[in-house]
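Undergrad: One structure, pasted below without further comment.
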Amino acid sequence: MLEMIKEQLQECSDAVYQSINVYGHACMLIYIPSIVDTLSLQEFVASPLKSEANSEPDWPHFMERLDHGTAFAIPYIKAYHPDRVVELIVSGNPVLCIEDLPYVYYFEIAHYQKRAVSESQNELVVIGPQEAFIEDIQTNLSLLRHRIKHADLKTKHFSIGKYTKTDVYLVYIEGLYKPEILAYMEKQLDDLSVDGILGISYLAEHMNQGKFSPFPVYQYTERPDSVAASLMEGRIGILQDGTPSALLTPVTFFALLQSSEDYYQSFYAGSWIRLVRLFFSLISMILPALYVAITTFHSQIIPSDLLITIASARENIPFSALTEALIMELTFEALREAGTRIPKPVGQTVSIIGGIVIGQAAVQAGIVSAPMVIVVSITGIASYIIPHLELGLTFRLLRFVLLVLGGTMGLIGVFIAVFIIYGHLVHLRSFGTPYLQPVAPLVLEDWKDTLFRFPSQYMKNRSSSFTDRRNKRRQKP
């Protein structure tokens with residue numbers, strides 16, 4: 001066994017082989033110091049072994065205690081296959097090899113460097129918890145169990161990736177989820193065979209849901225409270241080691257337009273903010289297309305005073321309205337991306353100042369008109385209202401499609417594109433759940449937590465979009 005382990009680790013220069021002679025028998029600890037809790041290893045394993053070596057010889061009694069799990073103060077497990085043993089070592093689990101034994105004992109005391117729990121960066125709230133997931137899977141599970149203290153919170157472990165051996169957990173609450181969704185996800189993860197997954201989005205791409213749709217069929221979140229609330233609705237979460245985000249399934253369009261802060265405010269404020277969010281989300285996608293289509297093909301529907309103002313602003317512009325819009329939208333996208341990539345202390349300043357300076361200079365130079373700058377600015381601000389990044393990216397992409405159709409076909413092109421998008425959303429499914437439920441199909445009971453948020457005492461049932469119909473009741477009558 002020892003020789004086969006050494007053969008596989010022969011070029012791993014950071015592997016340590018610590019020999020200890022116990023009652024005349026050669027024992028060896030094998031581990032990689034950078035990923036092992038070396039203090040625990042020396043205190044609870046190496047020191048007891050050395051104490052045994054200095055005591056009265058009693059090898060049979062020592063082996064008996066080893067087999068009964070009482071030789072060390074920390075738990076340990078047997079491993080028999082050399083490939084499995086090597087996998088344990090490179091995962092941070094030191095092993096104890098004893099001569100002439102066909103198996104080893106390993107100790108689960110892996111220790112990886114990790115950052116402290118910090119506040120959310122992408123899902124900021126004014127009222128409510130500020131904690132966010134980090135890259136350590138055990139810390140993330142502890143944050144989740146801190147919120148759901150019940151034995152029905154279940155976790156199922158998967159190790160995915162030929163080389164990365166990444167830990168992935170399905171998390172759900174027994175009795176609330178739809179069994180067919182869990183069975184499908186388990187099969188997908190069991191059948192997944194790849195070199196490795198370095199981010200949770202790898203999993204989303206490999207699981208065959210909405211493959212050819214620009215709309216996200218998963219919900220990414222870095223907030224433990226959002227995951228806990230979703231699990232209590234009957235949804236299923238996916239946590240992955242090395243990723244400070246979780247995946248939630250199934251998902252609907254209206255769930256992606258909701259923020260956790262909606263539930264920390266009064267239902268009046270939460271309902272109003274949801275309506276504002278929905279309105280400006282649509283504005284962020286169709287406003288430039290409507291402006292270009294109307295000013296180019298349907299100027300007769302614009303009030304005469306406003307039409308004169310727009311015409312005078314565009315009098316010396318050498319480009320068409322469509323070209324203007326494309327120039328400004330692409331410039332805005334470049335500024336947004338630059339503000340994301342450059343260092344944070346100057347990122348926001350560069351994006352804001354850059355937008356103001358470039359917009360003003362473009363108007364003065366006669367490249368674009370002032371009304372176009374206003375339209376693009378409103379569109380850009382509206383796009384930041386969408387609480388989930390993936391849905392915002394989809395709207396930004398579709399904005400260009402609608403813009404081109406509006407600039408070439410007028411309002412007819414815009415309406416055709418909108419109807420095609422709506423038809424696609426009606427037929428789209430996220431693990432069997434209609435994407436536009438409870439609007440299409442119409443489920444009036446679930447409207448209590450869709451466009452508006454009713455007071456909590458009136459939401460006695462869980463949403464039928466997610467939960468098992470046999471356990472819909474949320475509150476006692």
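The values are calculated or read from the model by the stated rules, or taken from the named source; none is laboratory data. What you see is a predicted model; the values in this text were computed from it and never measured. A quick note on method: Cβ atoms are made from the backbone with ideal geometry, for glycine too, and the neighbour counts reach across all protein chains shown. In case anyone asks, the SASA skips ligands and DNA or RNA and just uses the protein heavy atoms, side chains included. Shrake-Rupley method; radii C 1.70, N 1.55, O 1.52, S 1.80 Å.
Undergrad: Using only Cα atoms and rounding to the nearest 10 degrees, what angle (0 to 90) does helix 321-341 make with the longest principal axis of the chain?
TA: Compared with the principal axis, the helix lies near 30 degrees.
Undergrad: Accessible area of Glu445, 1.4 Å probe, to the nearest 10 Å²?
TA: 80 Å²
Undergrad: Let me ask something else about it. If you average the alpha carbon positions of the stretch 161-220 and of the stretch 416-471, how far apart do those two centres end up, in angstrom?
TA: 22 Å
Undergrad: What is the Cα radius of gyration of the chain over 2.2 N^0.38 Å, N being its residue count? Please list the in-between numbers first.
TA: Details: Rg = 29.5 Å, N = 477, 2.2 N^0.38 = 22.9 Å.
Computed over Cα atoms of the chain, the ratio equals 1.29.
Undergrad: Calculate, for the chain, the solvent-accessible area per residue in square angstrom, rolling a 1.4 angstrom probe over the heavy atoms of the protein chains. Spell out each step's value before the answer.
TA: Working: 24240 Å² over 477 residues.
Here the per-residue accessible area is 51 Å².
Undergrad: Can you give the convex hull volume per residue for the Cα atoms of the stretch 64-191, as a whole number of Å³? Spell out each step's value before the answer.
TA: Working: hull volume 24.2 nm³, N = 128.
Looking at the stretch 64-191, the number lands at 189 Å³ per residue.
Undergrad: Note the full-extension length gain between Leu192 and Val357 as 0.36 nm times their separation in residues minus their Cα-Cα distance, in nm to one decimal.
TA: Separation in residues times 0.36 nm, less the Cα-Cα distance, equals 54.4 nm.
Undergrad: Helix 370-383 against the longest principal axis of the chain: what's the angle in degrees, Cα atoms only, rounded to the nearest 10?
TA: 30 degrees
Undergrad: Sticking with this structure for a sec: Give the carbon-plus-sulfur fraction of the accessible surface of the chain in %, rounded to a whole number; probe 1.4 Å, heavy atoms of protein chains only.
TA: It is 60 percent, rounded to a whole number.
Undergrad: What does the charge count near Ile148 come to, summing +1 for each Lys or Arg and -1 for each Asp or Glu among other residues with Cβ under 11 Å from its Cβ?
TA: +2
Undergrad: Can you give the alpha-carbon Rg of the stretch 349-477 over 2.2 N^0.38 Å, where N counts its residues?
TA: 1.50
Undergrad: Relative contact order, percent, of the chain when contacts are C-alpha pairs under 8 Å separated by at least 6 residues?
TA: In percent, rounded to a whole number, it is 14.
Undergrad: Taking every pair of alpha-carbon atoms in the stretch 1-93, give the share separated by more than 19 Å as a whole percent.
TA: On the way: 1893 of 4278 pairs.
Percentage above 19 Å: 44.
Undergrad: In Å, what Rg and Dmax follow from the Cα atoms of the stretch 245-292?
TA: Looking at the stretch 245-292, its Cα Rg and Dmax stand at 13.6, 40 Å.
Undergrad: Figure the gain on full extension for Ile374 and Arg145 (residue separation times 0.36 nm, minus the Cα-Cα span) and round it to one decimal in nm.
TA: 77.7 nm
Undergrad: Give, rounded to the nearest 20 debye, the magnitude of the charge dipole that the chain has about its Cα centre when Lys and Arg contribute +1 at Cβ and Asp and Glu contribute -1 at Cβ.
TA: 2200 debye
Undergrad: For Ser193, tell me the accessible area in Å² from a 1.4 Å probe, rounded to the nearest 10.
TA: 110 Å²
Undergrad: Separate question: Would you give the gap between the C-alpha center of the stretch 267-335 and the C-alpha center of the stretch 46-81, rounded to a whole Å?
TA: 75 Å
Undergrad: Mind checking the stretch 43-143 for GluC sites (Glu not before Pro) that DSSP puts in a loop (not H, G, I, E or B) and that have at most 15 other Cβ atoms within 10 Å? Could you put the intermediate results ahead of the total?
TA: Details: sites: Glu43, Glu52, Glu64, Glu87, Glu99, Glu108, Glu119, Glu123, Glu131, Glu135; in loops: Glu99, Glu108, Glu123, Glu135.
Those that pass, being in a loop and sparsely packed, are Glu99, Glu108.
Undergrad: Would you work out the relative contact order for the stretch 80-171, in percent, from Cα pairs under 8 angstrom that are 6 or more residues apart?
TA: Computed over the stretch 80-171, the figure is 14 percent.
Undergrad: Just name one of Pro33, Gln8, Val363: the one whose Cα is farthest towards the positive end of the charge dipole of the chain (beta-carbon charges, Lys/Arg +1, Asp/Glu -1).
TA: Val363
Undergrad: Between Ile416 and Tyr17, what length in nm is gained on full extension when 0.36 nm per residue of separation is reduced by their alpha carbon distance?
TA: 136.7 nm
Undergrad: May I pose another question? Against the longest alpha carbon principal axis of the chain, how many degrees, from 0 to 90 and to the nearest 10, is the axis of helix 344-364 turned?
TA: For 344-364 against the chain, the angle is about 20 degrees.
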